[in-house]
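Visitor: First the structure, then my questions, so here it is.
The values are calculated or read from the model by the stated rules, or taken from the named source; none is laboratory data. Being a predicted model, the structure only gives us computed values, none of them experimental. Because the Cβ atoms are built from the backbone with ideal geometry, glycine has one as well, and the counts that use them run over all protein chains shown. Side chains are part of the model used for accessible areas, which takes the heavy atoms of the whole protein and leaves out ligands, DNA and RNA. Shrake-Rupley method; radii C 1.70, N 1.55, O 1.52, S 1.80 Å.
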Amino acid sequence: MLLLSGCQSNSYSCRNGQCHVTVSGAGQSIEVNDLDVTVSEITAEGMTVSAGGSAPATIAVGESAQVGGVTIKVTSVEGDKVKFDLN
């Protein structure tokens, strides 16, 4: 398992089963509640993401999709930083 260190500003906070996640830069994995979430691409329109080893799904800003047994909703993209909700 690859541990990300340095200046990565990936973060998440969870409350009542819903998690708010921020990922800076594509090609990264972040573990959210023991689930590996991998953001493979970030564009102005949204992101491509997989969860728990699922097939990658492309989700537009403001849209939500079922990915690997969880629901992911993209809330914003700013440059190479994407924010999404997971539940």
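Visitor: Based on the alpha carbons, how large is the Rg to Rh ratio for the chain when Rh follows Kirkwood?
Guide: Here the Rg-to-Rh quotient is 0.92.
Visitor: Between residue 80 and residue 40, what is the label-to-label distance in nm when each label sits 7 Å out along the Cα-to-Cβ direction?
Guide: 1.9
Visitor: Still on this model: Return the sequence-ordered ³J(HN,Hα) values of region 18-31 in whole Hz as given by the Karplus equation 6.51 cos²θ - 1.76 cosθ + 1.60 applied to θ = phi - 60°, using x for Gly and Pro.
Guide: 10, 10, 9, 10, 10, 10, 10, x, 6, x, 10, 10, 9, 8
Visitor: Also: With labels modelled as points extended 7 Å from the Cα through the Cβ direction, what inter-label distance (nm, one decimal) is found for residue 57 paired with residue 73?
Guide: My value for the distance between the label points is 1.4 nm.
Visitor: I've got another one for you. Would you rank 36, 80 by solvent-accessible area, highest first, keeping every protein chain in place and using a 1.4 Å probe?
Guide: Numbers: 36 75, 80 95 Å².
Per-residue accessible area, sorted high to low, gives 80, 36.
Visitor: How much of the accessible area of the chain, probe 1.4 Å, is carbon plus sulfur, in whole percent?
Guide: Values: 2330 of 5020 Å².
Here carbon and sulfur together make up 46 percent of the probe-accessible area.
Visitor: Find the accessible area per residue for the chain; the probe is 1.4 Å, ligands and nucleic acids are left out, and the unit is Å². Please list the in-between numbers first.
Guide: On the way: 5020 Å² over 87 residues.
Result: 58 Å² of accessible area for each residue.
Visitor: Given labels modelled 7 Å from the Cα in the Cβ direction, how far is it in nm from residue 65 to residue 28?
Guide: Going by the 7 Å Cα→Cβ label model, 2.1 nm.
Visitor: Separate question: Note down the magnitude of the dipole of the chain about its Cα centre, charges +1 on Lys and Arg C-beta and -1 on Asp and Glu C-beta and zero elsewhere, to the nearest 20 debye.
Guide: Values: 4 positive and 9 negative charges, 35 e Å.
About 180 debye.
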